[in-house]
Amino acid sequence: MITFKKVSVGLLITVIATVIFGFTGPGDDLLGKLVDQLYKWRADHPQEKVYLHLDKPYYAVGDDIWFKAYVTIGSKHQLSAYSEILNVDLIGEDDSVKRSIKLPLISGMAYGDFALPDTMQDGNYRIRAYTNWMRNAGDAYFFDKTITISKGVGNTVFTKTDYTYGEQNGKQKVNALINFTNVDGAPYAGNEVSYRVELNGKTVFKGKGITNDKGDLATSFLNTTPNPAATGNIIANIKLIDKRVITKVIPIKAVSAKVDVQFFPESGTLVNDAGSKIAFKAVGADGLGVDIKGSVVDDQNQTVAVFNSTHLGMGVFNLTPMSGKTYKAHVVFADGSAGDFNLPKAVDNAYVLSLDNSDDDNLTAKILPGSGIAQSATPAGSLMLVAQSCGEIYYAAKSSDNGKTFRATIPKSKFPSGIVQFTLFSANGEPLNERIVFIQNPDQLKLSVSAPKQQYTLREKVTISLNVKNKEDKPVIGSFSASVIDLAKVPVDETNEESIFSNILLSSDLKGYIEKPGYYFSDQSAKTKADLDVLMLTQGYRRFEWKQVINDSFPPVVYQPEKTLQVTGHLKTFGGKPVPNGKVTLFTTAGGTFILDTVADAQGKFTFSNLVFRDSIKFVVQARTAKDRKNLEIELDNIAPQVVGKNKNAADLQINVSDGRSVYLQNSKKLFNEQVKYGIGNHTIVLKEVVVKDTRTTAVKHSSNLNGAGNADQVLTYKDLENMGGGQLSNVLAGRLLGVIFRGGIPYSTRGGGAMQIVVDGINMEADYLDNLVISDIASIEVLRSVGNTAIYGFRGGNGLLIITTKRGDEGTVYNRYAPGVVTYSPKGYYKAREFYSPQYDDPKTNTQMQDLRSTIYWNPKILTDKDGNASLSFFNADGKGTYRIIIEGMDAEGNLGRQVFKYKVE
């Protein structure tokens, strides 16, 4: 017999006994402790999740990546108000951040974009999104999506590589067949190619060859690293007819065809005389699932079970192990080869926690004891089964027969949709078994998307109507985002497509790689539900461990939720002691003068909060003691940037980035040419034979020179300063700046007049600040003396200027000290998201002569339904014929999720 009832951890612990009826005796104390500790954990560690809705699944250089962010919190996935700032990074193949932006979160939502410049290289990239608070749980729970960025503009060589594997002298051998073509698929035949192979950052092989008449080059190499799972790149240089050498980087995802097969007994342990499910997972060296089949035999070579993988190398079979026997699996792979794998050893004194999730309405739980427990005359005490989701207990039950066995049927309506963790506890509170299940309740929003007709013409206006209702068919006020793409240009694999469901409900709660998470939600059939349950058996849930919760051993909170942009720090003496009650001023001249004042506390701490500023702004922080003396040191607080770890979704990397994208890339190239023709867009003109390099501008990075970086009478860079020795800056520069003399450390132009104006990172500084600059902090010095260079500064430039640029954050420096009591600071501010441009062909001012080659036809991240659940969106078709696909995703204030796909024809 079993008793159960939903538990809300938000209730006071004193009323737990009335919430879970039927609990009397020692079990109540255990349940109370579990609820109490879990409530504390949930209160101290609320779980935020981030999902980004992208406008399309892959991109080309020159495109824009458009996205909307949804940040949720808790088991009901409600929009979060805990954090108010979101970080979004674009990460390259080398695991370095290529672009990083901060976005203000309004009611848990934000939208932004990344422009992909024409100078960008093609390859596999990642988009990562997280709040500062999420860093406490680790980057395994960040939004992290691998995308491919192809290159059509300025790209003359495309590669397609096939790998096969073998063995030579006991080492892994890799055979690579690289095909070289142009954008139209014509082969590069008879071309010289030199290449090197890098594995785990080390060059292991070099070679050269000539492509055959099909454009193929065959090569092979050995894995000479000690790592059998090494990865890397082939860097190939092909020489074209015009003598140009083009470099292509080809990923190496695996160095063998080895398949790893693992077996996962339900609830963790194989138990003698207790039948249970055993899931298995076969994974290739590239991280992707591999189909297998086979049989299980005992130590007498008797077949006791047969199995076949049903999805991406995963499957399940039933087995009742017997005491004294051992078992192994004979596995047959797709190529006909075979291998034997030992099953986990079965034990006697343990339980099997078995869950049947196949019914649409109810979940069946069974607890089966092993032979050692079933035959024991010693009472084991009552067992307790507890189910939680995102830190909230929704079900608890205890056995009534001294822990031998029990069974219960639990309505799924008790749980929220998503992952639910079931844990079996002993009478003394020790967690014995764990099993996660995925609950798919019919609680999602119902999105009705319609259009007046199903077929339109080129450039015709389309009006889409959206109506949203909840599961009770009541209208919903919610926030949604919509993307419209041309499928002829951007084909989509819907089973491989991530969605708001697959991310928020599934992958955001699980560590490790999940192959094609969208598959489990694209078609909720009996098969996809069964496959999803097998995924639960093989993946595992690690948001927290019950032992940590019970023992109150919570990990420390290191990162606080960001509410606003702020500048904080401490005032100290040069000996490191706090300077209390100091006067602190924060100012900038960017976009007009901005000044704030505050006073430090007794420990010398000061804070400027509730700031709103753009990215790349430069502040000056100036401080004085309470007695108005400047002999103190300002130490600013900086949040260390999030490090970039290895790509957890490395299995999603594409070896052939441009494979199957010829139509998309040709369209991208046409679009580029059309935009250049009409002077639209921010494009770099790619020169075929001549490379123009301005050494002044590249050397003077981040310069505030109003004439343009490097446009000066003389330029010194940090490399020049490295060879000038140490000492005061004025002494180092004396005699080295043309037409500049120094008197008492102050620069004067030989043209006559007063002291030259010193400008440091765009801020006008006093002349006596010069010798307080640290030479190692300086990136460049530009000397402006001639009228042509000083005129733009007006009267301030009358005596000439020294434009000094310091090393910035991308050079390892965040802020710079120029003098006692003065620092400049360049914090990361908010990125201002751009508006998606959609031509309005009913406006006479719209250029109708230009070809409309858009692949993303429309993007709108700001769709709000009214009290009747209605919204509409209008846009104009492009010049592409075929099928257009609309995806609308979003949620309401209660955390109910919605997604709908709608298609129409354009002829």
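The values are calculated or read from the model by the stated rules, or taken from the named source; none is laboratory data. Please read these numbers as outputs of a predicted model, since none were measured by experiment. Virtual Cβ from ideal backbone geometry, glycine too; neighbours counted across all protein chains shown.
Descriptive notes on the structure:
- Identity of the residue in the stretch 193-213, of a type in the set (S, T, Y) and surrounded by fewer than 16 Cβ atoms within 10 Å (Cβ to Cβ), that ends up modelled with the lowest pLDDT: T203
- Scope the stretch 236-285; condition without any contact (Cβ under 8 Å) to a residue 12 or more places away in the chain and assigned to a strand (DSSP E or B); matching residues: V245
- Residues of the stretch 861-907 that are over 17 Å from K68 (Cα atoms), part of a loop (DSSP other than H, G, I, E, B) and of a type in the set (A, V, I, L, M): A878 alone.
- On inspection, D144 passes the criterion of being acidic (D, E) and outside the structural domain of A229 (by TED's automatic domain parsing).
- Where helices (runs of 4 or more DSSP H) fall wholly inside the stretch 486-592, the ranges with 1 or more residues that are without any contact (Cβ under 8 Å) to a residue 60 or more places away in the chain and within 30 Å of L445 (Cβ to Cβ) are 519-522, 526-539.
- When L466 is tested against the conditions (1) in a helix (DSSP H, G or I); (2) crowded, with 17+ Cβ neighbours inside 10 Å, the lone failure is (1).
- Which numbered condition D144 fails, given (1) more than 28 Å from Y39 (Cβ to Cβ); (2) at pLDDT below 95; (3) outside any loop (DSSP other than H, G, I, E, B): (2)
- Unmet requirement for N124, which otherwise passes all of (1) in a helix (DSSP H, G or I); (2) in contact with a strand residue (DSSP E or B) (Cβ under 9 Å, 6 or more places away or on another chain): (1)
- Restricting the search to strands (runs of 3 or more DSSP E) fully inside the stretch 37-104 and requiring at least 2 residues that are aromatic (F, W, Y) and at pLDDT 95 or above gives 64-73.
- The single condition among (1) assigned to a helix (DSSP H, G or I); (2) at pLDDT 85 or above; (3) not β-branched (V, I, T) that L30 does not meet is (2).
- Tally of residues being surrounded by fewer than 16 Cβ atoms within 10 Å (Cβ to Cβ) and under 19 Å from L505 (Cβ atoms) across the stretch 442-453: 1
- Yes/no for G391 being on the phi > 0 side of the Ramachandran plot, surrounded by 16 or more Cβ atoms within 10 Å (Cβ to Cβ) and touching a Cys at 6+ places or on another chain (Cβ under 9 Å): no
- Residues satisfying the stated conditions in the stretch 358-388, i.e. modelled with pLDDT of 90 or more and surrounded by fewer than 20 Cβ atoms within 10 Å (Cβ to Cβ): S358, D359, D360, D361, N362, T364, K366
- Members of the stretch 755-779 found to be within 20 Å of L706 (Cβ to Cβ), among the small types (G, A, S) and either in contact (Cβ under 8 Å) with a residue 40 or more places away in the chain or in contact with a helix residue (DSSP H, G or I) (Cβ under 9 Å, 6 or more places away or on another chain) (or both), listed by number: A755, G762, A779
- Scoring S323 on the criteria (1) at pLDDT below 90; (2) touching a Ser or Thr at 6+ places or on another chain (Cβ under 6 Å) leaves a single failure, condition (1).
Residue-by-condition table, conditions (1) touching a residue at least 24 places away in the same chain (Cβ under 8 Å); (2) over 14 Å from L716 (Cβ atoms); (3) surrounded by fewer than 16 Cβ atoms within 10 Å (Cβ to Cβ); (4) not hydroxyl-bearing (S, T, Y):
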residue: L737; (1), (2), (3), (4): yes, no, no, yes
residue: G753; (1), (2), (3), (4): yes, yes, yes, yes
residue: I781; (1), (2), (3), (4): yes, no, no, yes
residue: T790; (1), (2), (3), (4): no, yes, no, no
residue: R796; (1), (2), (3), (4): yes, yes, yes, yes
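- Criterion violated by R785 - all others in (1) at pLDDT below 85; (2) on the phi < 0 side of the Ramachandran plot satisfied: (1)
- Against the list (1) under 21 Å from L532 (Cβ atoms); (2) within 35 Å of the chain's Cα centre (by Cα), the condition F317 fails is (2).
- Top-ranked residue of the stretch 817-847 - restricted to ones that are surrounded by 15 or more Cβ atoms within 10 Å (Cβ to Cβ) and of a type in the set (S, T, N, Q), ranked as farthest from K618 (Cα to Cα): S838
- Filtered residues of the stretch 158-180 (kept if buried (at least 19 other Cβ atoms within 10 Å of the Cβ) and either of a type in the set (D, E, K, R) or closer than 16 Å to L240 by Cβ (or both)): F158, T159, K160, I178, N179, F180
- Beta carbons closer than 9 Å, at least 6 apart along the sequence or on distinct chains, pair a first residue in the stretch 147-170 that is of a type in the set (D, E) with a second that is surrounded by 21 or more Cβ atoms within 10 Å (Cβ to Cβ) and outside any loop (DSSP other than H, G, I, E, B) for D162/I178.
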